[in-house]
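Structure, as structure tokens:
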């Protein structure tokens, strides 16, 4: 049997090995990023995702400035950042609900894998995401 080589790198002052026959340090948790044009919209989306248990927690951060290409022009806008804590198996439903509630034609929906975290916090996420 061919076992891929392990790659080792230093992350946050600890060594992490990826690949090979060792256990991957990744969790099934994700952080999803999105932006909204208004605080009202951001709070509505955040509450909807938490109430449906698609997110255990959503942080709404005001006062971000976005610069981006849109329809051939550079645009600039004040926005509210959503930092959404969830789990990989819930991402499709989360993405669809977020898109349905969102006013943007092309809303940002980017999922980042959580490599590791506090065991207590990760367990809390699971409890909140699994609760009826």
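Among 30, 84, which comes first, then next, by fewest other beta-carbon atoms within 10 Å?
Final ranking by Cβ density, sparse to dense: 30, 84.
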For residue 103 and residue 33, extending 7 Å from Cα along the Cα-Cβ vector and measuring point to point gives, in nm, a value of 2.2
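Bear in mind that the values in this text are calculations on the coordinates, not laboratory data. What you see is a predicted model; the values in this text were computed from it and never measured. Quick reminder, even Gly has a Cβ in these numbers, built from the backbone with ideal geometry, and neighbours come from all protein chains shown.
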